[in-house]
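Asker: This is the structure I have questions about; it appears just below.
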Amino acid sequence: MSSPPTDPALQASEISDVLAELAKACDDQVRRAEDGDEVGGLPARLVAAPGSTREAADVLRVAADHRLRVVARGHGTKLHWGATPSGVELIVDTTRLSGVVEHAAGDLVAVVGAGTALATLQEVVGGAGQELAFDDPLGSTVGGAIATSPSGPRRLLRGTLRDLLIGVTFVRSDGVVAKAGGKVVKNVAGYDFGKLLTGSYGTLGLITEAIFRLHPRPVRSHHVTRTISDAADIGPALRAVLASQTVPSAVDVDWPAEGPRQVSVLLEGTEDGVEQRADAVARLLDTDVGDGAAPPWWGHYPFGPDDVAIKLTCPLTEVGTTMRRAHARAAEHGLSLASRASAAGVVHAATPGDGPPEAVASLVHELRAGIAAYDGSVLVLAAPQPLREGLDLWGPVPGLALMRRLKHELDPVHRLSPGRFVGGI
Amino acid sequence: MSTAHSSAHGDQPVMTGVVDGVATFDPSGAFDEHRPPDAALVGDCVHCGFCLPTCPTYVLWGEEMDSPRGRIYLMKGALEGEPMTDSMAGHFDACLGCMACVTACPSGVQYDKLIEATRGQVERNHRRPLRQRLLREAIFATFPHPRRLRLLRGPLRAYQASGLQRVVRRSGVLRRLPTVIATMESLAPPLGPSSSARPLPERVSARGTRRATVGLLTGCVQGAFFPGVNAATARVLAMEGCDVVIPRDQGCCGALSVHNGREAEAKKFARAVIETFESAGVERVVVNAAGCGSSMKEYGELFADEPEMAQRAAALAALVRDVSEVLVELGPVAQRHPLPVTVAYHDACHLAHAQGVRAQPRELLNAIPGLELREIAESEICCGSAGVYNLLAPHAAEPLGDRKAANVLATGADVLVTANPGCLMQVATAFRRRGAAGSAIAMAHTVEVLDASLRAVPAETFQKRSLLQK
Amino acid sequence: MATTAQRRPRDLDRLAARLRTVLGEGAVITDRNRLRTYECDGLAHYKVTPAIVVLPHTTAEVAAVVRACVDERVPYVARGSGTGLSGGALPSAEGVLVVTSQMRDILETDAPGERAVVQPGVINLHVSKAAAPEGYYYAPDPSSQQICSIGGNLAENSGGAHCLKYGFTTNHVTGVELVAPDGEIVRLGGKAPDPPGYDLLGAFVGSEGTLGIATEVTVRLLRAPEAVRTLLAAFPSTDEAGGAVSAIIAAGVLPAAVEMMDALAIEAAEAAVHCDYPQGAGAVLIVELDGPAPEVEAQFGEVQRHCRDNKAFEIRIAADDIERALFWKGRKSAFAAVGRISPDYIVQDGVIPRTALPAVLRRIAALSDGEQGQGTEGPSGVRVANVFHAGDGNLHPLVLFDESVPGEAEKAEAISGAILDLCIEYGGSITGEHGVGADKAKYMPRMFTDDDLDTMQMLRCAFDPLGLANPGKIFPTPRLCGEVPGRHKGVHPLAASGVAEVF
Ligand SMILES: Cc1cc2nc3c(=O)[nH]c(=O)nc-3n(C[C@H](O)[C@H](O)[C@H](O)COP(=O)(O)OP(=O)(O)OC[C@H]3O[C@@H](n4cnc5c(N)ncnc54)[C@H](O)[C@@H]3O)c2cc1C
Ligand code: SF4
Ligand code: SF4
């Protein structure tokens, strides 16, 4: 399939008209782009900040009229994730779409604007002893987190954002507002668009509001951590904990570029319950229960903004193998590698962004070849500009033809985050 | 939905009976006016499908029309005027009558009544292919007649003496019958031919204090091929304090005929049995063959259109008990001696589903010191015996038997225990198909195991009945 | 959806012949009596006799069937065990019904990897049975689990009593192989989490057979809990029972299940399965906690306290598995059991926020009794039995009537519809687990705007531009695929994307 027709970029002469229209659409919260208003190194022309779903719809309608390519931005923590868009004229800043609209504590549900910081949401619902059971590794907004679907340790028990999102409101590329799901956890009326939008990198629509299911915050949490000297012990350790009756909320492994490897198990629950379970886990791992504190690496990605960020997925039983392979291959290429894994079958890995591009490309290639032996995938979430060009960020994507057709239905001329996603979508 | 049939309810999710539409019965269809299946009973089915996974034919073929829900739907169609086609009759004939669906149904659909009425309709209104007809005639000329059956002991004699041989040659499908009889023969305890055929005394007196007077139905197949079971039943009852009355010249109870839609024949047999036991002066009629027990308990319904006889039939039916029921009712008095065997207990459909007797045999077995009872996976699914079904529909019965045999062997038990001669035969045949793997396990009736424990005889007596030794 | 006029003239006999060459004689049904046994699912009230029924065994056979249907422009409908309660598997009169009941092999159970790979016709409960020896089970447990298929569960995103704690089918499916409406075989996800690209799997689950036919499903297996404690608490009325539910949840306890039945539902269950619930109860709650033994012990006392504080007059604690099974038996057989106390009834499925439970129940009672108080059966009253997954606000009102009494059916229907309006009024949903199907399509516009529905149908168009996969379900009015959204004009998007050539 040839790449979809893209509209000509915004003409200089058009800019002031567009600015005026946008200003009308979103209460004057619009400006020309400045330094730093860029996506993956690509500078934008305009920034608009709608304050409501209606304003967002108006903004996207103006964008449609003027054939502007649009990228949404929350806190901008993951704007460098994904491929570089084929172009961007307008950044829609979502931070005015903020606030916890409703917290139905008795129903364990919260309705929240897409630009709200996840931290703010946690604070509000925390007041009622509740939480969104999601670890936010990077300080995201709600919309940014949904669009890129990062994940932290507690995905083991609670799943990822897709499993917590029960309703969503979004604006289509043509400015039409649509919603799916609702305010009740159990609901099978209509297609689950929330799932489609989760991890869609802003290519299907602009998320303006989300509804989450919440969980009661556990009374007690305890980490049992031990150092693993022989990497071959990682797999058996994870398996032992998973097969036990301790129901951990998270089991993560840290394998730094230098220093000791650690596995840490998070137990959450009642006072007595956690105490006994922590004892059981400590016995399984042949260590002591310790003070229960999280290790310093807990809940953080192993990569920083200048690293090549890699995400590997695999069956639960292959986490140890996947980590060992990754470190072995990296060593062969003389690359330093740090990785962190969830026992749920996800390994995040980092290698410095200034490594030799061919070495990084080969590493990614070999990791993919290795993972083909079992089920799984290797994604490059982010890579500094010079490296990115030579990398296949996504690898093979089953179902790509259907994905292209879906994109085509919702955004036929590819105006939303064009090119940022799989297969050039 | 524009395509949906129009109806009174518009577009609501109605859990209504399947027959929400049978306003009037249309006798121009498959069913005539003589006792058609009751449209109201058909209407009780809410189409939930809960009965499907316990239906042996659904388990085998996975097709709606060979499931209870599908068969009820076919009945509905027939009532509404669909003609009796080969396909329709075929799906009714394929029903084993195991009644697992009755147990499974949360809505209380009386499939037993429905299929019985339907079988009569098929018998009258459908002409089966010639081979099928000959086969049926041959079977019904043999099985419900204890004396003819007894003559068949020994496959060869069977073949020649009954005149079956000619029928077999003509129909070409009767090769199976001798096999079945050979299986029966091989399962019969190794007694001499004369002794095994020797009738039981007409009365066996209670040991110790008499607690009840009971009659014993000796049955056709049980009496002819498993006389040891009848003897054991009489002994156990006596040891537990019963005077056991065993009338001579008992005929068939009529079960086979009822289950195959041969109503007149069934009534003839039943009447004789009722008369025999009415005059025996017993408090209970004890039955040790599940199929017989289940139809005797329904004698009342069989005579529904003869009020006077119906009353007598119902009165007798009220006395009928499976031997395990009676023994649990009485409670143990005789001493149980240790019997160190592992047994797998197989629920005969006509005991578990038709009579709801599941707990009693297990209770009796569990009370034997040293005996370990194991459950068989998929216990609710029929072994394929189902009266003479294994003769009529071997293509279904065989795989069911194999499935049961595999599940039985998986328990690793020494002895397979069940309460129905048909099941023993059917599973034995399946074991035999498995060769050595299937020959390691012995078989016995519940009451034989109990007998061994009460008499402190070693388990080998019935364990000898392993196929290996034969 | 392509309009009928655009379709080539159909020759169903030719299609049947083609299908016979692919599937074999026995797997293609055209006999009228046989076809008729497939004319409805669990919602027996809607009936359409399909033109052809096929019983494929393999993915390749399903793909061949779909391709044949595409060639002939004949609609097709997937069917699992036919227990759906929204008419989702209602056939098309001039279409093919693709029944998966012979695709019933459990291909793999991988306990340490916490996955099972199964064919779509595998019965839900059989997955748990297969995993049980290794101490694992499949969590979603619809009341119909003894017969409903994994394919049907996937299509309906089925829930069950234990979904309060563990989530629904969508949270327990990690991979699917499907035959897309163009006949292509596509794999989405697998044993590993987070497959790259759009979460098409997430959208496919719950799509009611409109996006293709699942031919292999990878599901999660969970470690069987160390401890399970179940109690049955009897309350004077549903108000107190509802209060107990709120108190339990507010205390931060997340039970595995919280199920409620009102007096009439109890009566039906007693009649059917003799579950021997406490006499005189206006409502019973079944509360089940599971998990690590110390956690369960710590919270079980708390649950009992909340029940007592809310006037439970009897609390029974299951002593063993047999007793627990008996508690559940009453609940799980309740739908079908209502057949024992009423000749006809409507099973409704709606959702409300849990906290609205007492208010909504009072409104339902008012609906059913006219102005009368709760539980009485006025002369013109339509009786409503209530069974629900109280923990997540999923109501199953059972509206009883006797079709042979003139006017009753209409009244029951009116009340049933009014209950859905109540659900929407309180911010809930018109279906929590039974799906929209043929039955509730007309209610969709009450819950969603035209734009919402139009957007959803874009997904459908992406998968099925010809509109052949389970047409007429979910959406009240089909969208013409190829309609360009918004004001953009240009090349026909299907042609531009190359899709058009595929068909
Ligand atoms: C008594 C009773 C109790 C019930 N309790 C519950 C409950 O507690 N929770 C609950 O959620 N549901 C319940 N249900 C509803 C029903 O059992 C579920 O919806 C179930 O998932 C349907 O499965 P099935 O195999 O019978 O599917 P079917 O009824 O055959 O089909 C359902 C839908 O799935 C589609 N479909 C089937 N197979 C496939 C496939 N392979 N690929 C794509 N689409 C497919 C069909 O086209 C149809 O739209 C109950 C039903 C009954 C009768
Ligand atoms: S009696 Fe047995 S074979 Fe016949 S429909 Fe019922 S379950 Fe199936
Ligand atoms: S279980 Fe009963 S009501 Fe349900 S389909 Fe079977 S016979 Fe009908």
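Just so it is clear, none of the values below were taken in a lab; they were calculated from the coordinates. None of these values were measured; they are calculated from a predicted model. Ideal geometry is used to build each Cβ from the backbone, glycine not excepted, and the neighbour counts take in all protein chains shown.
Asker: For region A:245-270 and region A:308-381, what is the separation of their C-alpha centers, rounded to whole Å?
Answerer: When both Cα centres are located, 19 Å separates them.
Asker: Something else about it: Compute the relative contact order of chain A as a whole-number percentage, counting only Cα pairs closer than 8 Å that sit 6 or more residues apart in sequence.
Answerer: On the way: 947 pairs, mean separation 67.6, N = 425.
In percent, rounded to a whole number, it is 16.
Asker: Could I ask something else about it? Can you pull the one-decimal nm distance between simple spin-label points at C:Val405 and B:Leu130, each 7 Å off the Cα toward Cβ?
Answerer: Label-label distance for C:Val405 and B:Leu130, simple model: 5.9 nm.
Asker: For region B:336-463, rounded, prolate or oblate, judged on the Cα gyration tensor with a ≥ b ≥ c (square roots of eigenvalues), a/c < 1.5 rounded, else prolate if a/b > b/c?
Answerer: Working: a/c = 2.05, a/b = 1.51, b/c = 1.36.
The shape class here is prolate.
Asker: Separate question: Can you give the angle from 0 to 90° between the axis of helix C:263-273 and the longest principal axis of chain C, with both taken from C-alpha atoms, to the nearest 10?
Answerer: 70 degrees
Asker: Run the reach check for A:Lys407 against lysines, Cα to Cα strictly under 30 Å, same-chain hits fewer than 8 apart removed. What comes back?
Answerer: Partners found: A:Lys24, A:Lys78, A:Lys179, A:Lys183, A:Lys186, A:Lys195, A:Lys311, C:Lys191, C:Lys440, C:Lys442, C:Lys473, C:Lys489.
Asker: Within 10 Å of each residue's Cβ, count the other Cβ atoms and sort B:Ile246, C:Ile147, C:Ile364, A:Ile15 from fewest upward. Mind showing how you got there, number by number?
Answerer: Details: B:Ile246 21, C:Ile147 27, C:Ile364 24, A:Ile15 15.
Listing B:Ile246, C:Ile147, C:Ile364, A:Ile15 from fewest to most nearby Cβ atoms yields A:Ile15, B:Ile246, C:Ile364, C:Ile147.
Asker: If you build a Gaussian network model of chain A, linking Cα atoms that sit under 10 Å apart, which residue out of A:Lys186, A:Lys311, A:Lys24 swings the most?
Answerer: The residue that fluctuates most here is A:Lys186.
Asker: Per residue of C:290-300, how many C-beta atoms from partner chains lie within 10 Å of its own C-beta, taken as a mean? Don't jump to the answer; show the numbers that get you there.
Answerer: Values: counts 1, 6, 13, 4, 13, 11, 3, 4, 8, 3, 0.
Per residue, the average neighbour count from other chains is 6.
Asker: Still on this structure, I have one more. Please give, to one decimal in nm, the separation of the simple spin-label points placed at A:Arg220 and C:Phe313, each 7 Å out from Cα toward the Cβ.
Answerer: Each label point is offset 7 Å from its Cα along the Cβ direction, giving 3.9 nm.
Asker: Which cross-chain or sequence-distant (5 or more) residues have an amide H under 5 Å from the amide H of C:Ala257, H modelled 1.01 Å from N in plane?
Answerer: Those qualifying (amide H under 5 Å, at least 5 residues apart or on another chain) are C:Glu288.
Asker: Set Lys and Arg Cβ to +1 and Asp and Glu Cβ to -1, take the dipole of region A:100-216 about its Cα centre, and tell me which of A:Ala210, A:Gly159, A:Thr169 lies farthest positive.
Answerer: A:Gly159
Asker: Follow-up. Starting from the Cα gyration tensor of the protein assembly as shown, take the square roots of the eigenvalues, sort them a ≥ b ≥ c, and report rounded, prolate or oblate (rounded when a/c is under 1.5, otherwise prolate if a/b is larger than b/c, else oblate).
Answerer: Numbers: a/c = 2.01, a/b = 1.78, b/c = 1.13.
Prolate, since a/c reaches 1.5 and a/b exceeds b/c.
Asker: Moving to a separate point now. Under the definition of partner shielding as Cβ atoms of other protein chains within 10 Å of a residue Cβ, what is the mean value for peptide C:41-54? Before the final figure, lay out the partial values.
Answerer: On the way: counts 2, 7, 8, 14, 17, 10, 7, 4, 1, 0, 0, 0, 3, 0.
Other-chain Cβ atoms within 10 Å of each residue's Cβ, averaged: 5.
Asker: Continuing with this model, one more query. Using +1 on the beta carbon of Lys and Arg, -1 on that of Asp and Glu, and nothing else charged, what's the dipole of chain A about the Cα centre, debye to 20? Don't skip to the answer; put the middle values down first.
Answerer: Working: 40 positive and 50 negative charges, 215 e Å.
Value, rounded to 20: 1040 debye.
Asker: Taking the Cα centre of the protein assembly as shown as origin and charging only Cβ (+1 Lys, Arg; -1 Asp, Glu), how large is the dipole, in debye to the nearest 20?
Answerer: Working: 134 positive and 162 negative charges, 1078 e Å.
Dipole magnitude for the protein assembly as shown comes out near 5180 debye.
Asker: Taking the Cα atoms only, what angle lies between the long axis of helix A:53-65 and the longest principal axis of chain A, rounded to 10 degrees?
Answerer: Roughly 60 degrees, rounded to the nearest 10.
Asker: Additional query: Once chain A is represented by equal point scatterers at the alpha-carbon sites, with solvent omitted, what log10 I(q)/I(0) does the Debye formula produce at q = 0.09, 0.14 Å⁻¹?
Answerer: The Debye formula, applied to the Cα set alone, gives -0.59, -1.30.
Asker: Please name whichever of B:Asn407, C:Gly190, A:Ser339 sits farthest to the positive end of the charge dipole of the protein assembly as shown, dipole taken about the Cα centre and charges placed at Cβ: Lys and Arg +1, Asp and Glu -1.
Answerer: Most positive-ward Cα: B:Asn407.
Asker: Here's something else I'd like to know. Specify whether the C-alpha gyration tensor of region C:150-213 places it in the rounded, prolate or oblate class, a ≥ b ≥ c being the square roots of the eigenvalues: rounded for a/c under 1.5, otherwise prolate if a/b is larger than b/c and oblate if not. Display every interim value, and only then the final one.
Answerer: On the way: a/c = 2.50, a/b = 1.42, b/c = 1.76.
Oblate shape, in that a/c is at least 1.5 and b/c is the bigger or equal ratio.
Asker: Per the helix-only calculation at 222 nm, which mean residue ellipticity applies to chain A, given -39500 (n - 2.57) for every DSSP H run of n ≥ 4 and division by its residues, nearest 500 deg cm²/dmol? Walk me through the numbers on the way to the answer.
Answerer: Values: 13 runs with 122 residues, N = 425.
Dividing the helical sum by the residues of chain A leaves -8000 deg cm²/dmol.
Asker: I would also like to ask the following. Order by neighbour count: C:Arg324, B:Arg35, fewest other Cβ atoms within 10 Å first, most last. Please report the intermediate quantities before stating the final value.
Answerer: On the way: C:Arg324 19, B:Arg35 15.
Going from least to most buried by this count: B:Arg35, C:Arg324.
Asker: ³J(HN,Hα) across region A:37-47 via Karplus (A = 6.51, B = -1.76, C = 1.60, θ = phi - 60°), whole Hz, x for Gly/Pro?
Answerer: 7, 9, 10, x, x, 9, x, 8, 9, 9, 10
Asker: What FRET efficiency do you get for C:Lys129 and A:Gln385 if R0 is 51 Å and r is their Cβ-Cβ distance, rounded to the nearest 0.05?
Answerer: Details: r = 55 Å, r/R0 = 1.07.
It comes out at approximately 0.40.
Asker: Something else: Straight distance only, please: which lysines reach the Cα of B:Lys267 with their own Cα at less than 21 Å, same-chain residues fewer than 8 apart left out?
Answerer: Here the lysines satisfying the reach criterion relative to B:Lys267 are B:Lys113, B:Lys297.
Asker: Report the Cys residues of chain C lacking a disulfide-compatible partner, meaning no second Cys Cβ under 4.7 Å from their Cβ.
Answerer: Cys with no partner Cβ under 4.7 Å: C:Cys40, C:Cys69, C:Cys148, C:Cys163, C:Cys275, C:Cys307, C:Cys423.
Asker: Continuing with the same structure: Of the options C:Val53, C:Leu43, C:Val74, report the single residue whose Cα projects farthest towards the positive end of the charge dipole of region C:4-99 (beta-carbon charges: Lys, Arg +1; Asp, Glu -1).
Answerer: It is C:Val74.
Asker: Using the C-alpha atoms of chain C, what convex hull volume per residue, in cubic angstrom, is computed?
Answerer: Once divided by residue count, the hull of chain C is 161 Å³.
Asker: Most exposed first by the Cβ proxy, i.e. fewest other Cβ within 10 Å, how do A:Lys183, A:Lys407 rank? Mind showing how you got there, number by number?
Answerer: Details: A:Lys183 22, A:Lys407 26.
Fewest-to-most Cβ neighbours within 10 Å comes out as A:Lys183, A:Lys407.
Asker: Mind putting a number on the dipole of region C:14-150 about its Cα centre? Charges go on the C-beta only, +1 for Lys and Arg and -1 for Asp and Glu, and I need it in Debye to the nearest 20.
Answerer: On the way: 13 positive and 14 negative charges, 115 e Å.
So the magnitude is around 560 debye.
Asker: Taking the simple approach of a point 7 Å from Cα along Cα-to-Cβ for both B:Glu202 and B:Glu375, what is their distance in nm?
Answerer: Taking the simple label geometry, B:Glu202 and B:Glu375 are separated by 4.7 nm.
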